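Undergrad: This structure is in structure tokens; I'll ask about it shortly.
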Amino acid sequence: MPITIQMRQRFDSSFLADGDVAVRFCTQEVEPVLLRGDSVVFDFTGVDNMTDSFSNACFANLFKNHKDLVGNRIRFKACTPLIKDFVLSALSMSQNDNN
């Protein structure tokens, strides 16, 4: 069953910035969803900006731990070009860490 996370509402901000908060979010909220076999859709509607700290802390580790799920059970929605760049950067970082 897909779980959609409205990032704007979840973090009560259009600017996602805190890497420590991102790590807790990923480990406490996203990982359990994936481990029980469900899908996660990150909906960025209303999010205008994000720091690389947030993106890398949340998504690089997620991609590294679940690379086979990206695009299948881990999906992204309503990404602005800037948000897409941050997500792709985190994906690239996760792949570089595996080399």
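Please treat every number below as a calculation from the coordinates, not as lab data. Remember, it's a predicted structure, so these values are computed and weren't measured experimentally. Neighbour counts run over all protein chains shown; Cβ positions are idealised from the backbone, glycine included.
Undergrad: For the stretch 7-55, what number results from the quotient of the Cα radius of gyration and 2.2 N^0.38 Å?
TA: Against the compact-globule rule of thumb, the ratio is 1.16.
Undergrad: Mind ranking 73-80, 35-42 by how tightly packed they are, going by the mean number of other C-beta atoms within 10 angstrom, highest first?
TA: Packing proxy ranking, top to bottom: 73-80, 35-42.
Undergrad: Projecting each Cα onto the charge dipole of the chain (Lys/Arg +1, Asp/Glu -1 at the beta carbon, about the Cα centre), which of Phe15, Phe44, Thr4 comes out farthest on the positive side?
TA: Highest projection toward the positive end goes to Thr4.
Undergrad: Could you give the length gained on full extension between Lys84 and Arg36, defined as 0.36 nm per residue of separation minus the Cα-Cα distance, in nm?
TA: Computed gain between Lys84 and Arg36 is 14.6 nm.
Undergrad: If you put +1 on each Lys and Arg Cβ and -1 on each Asp and Glu Cβ, how big is the dipole of the chain around its Cα centre, in Debye rounded to 20?
TA: With only Lys, Arg, Asp and Glu charged at Cβ, the dipole is about 300 debye.
Undergrad: Please name which of Gly71, Ser92, Asn61 has its Cα lying farthest along the dipole of the chain towards the positive end, using unit charges on Cβ (Lys, Arg +1; Asp, Glu -1) and the Cα centre as origin.
TA: Going by the Cα projections, it comes out as Gly71.
Undergrad: Given contacts defined as C-alpha pairs under 8 Å and at least six residues apart, what's the relative contact order of the chain, whole-number percent?
TA: Value for the chain: 34 percent.
Undergrad: I need the Debye-formula profile for the chain: one equal scatterer per C-alpha, no solvent, reported as log10 I(q)/I(0) at q = 0.15, 0.22, 0.23 1/Å, two decimals.
TA: -0.52, -1.22, -1.35
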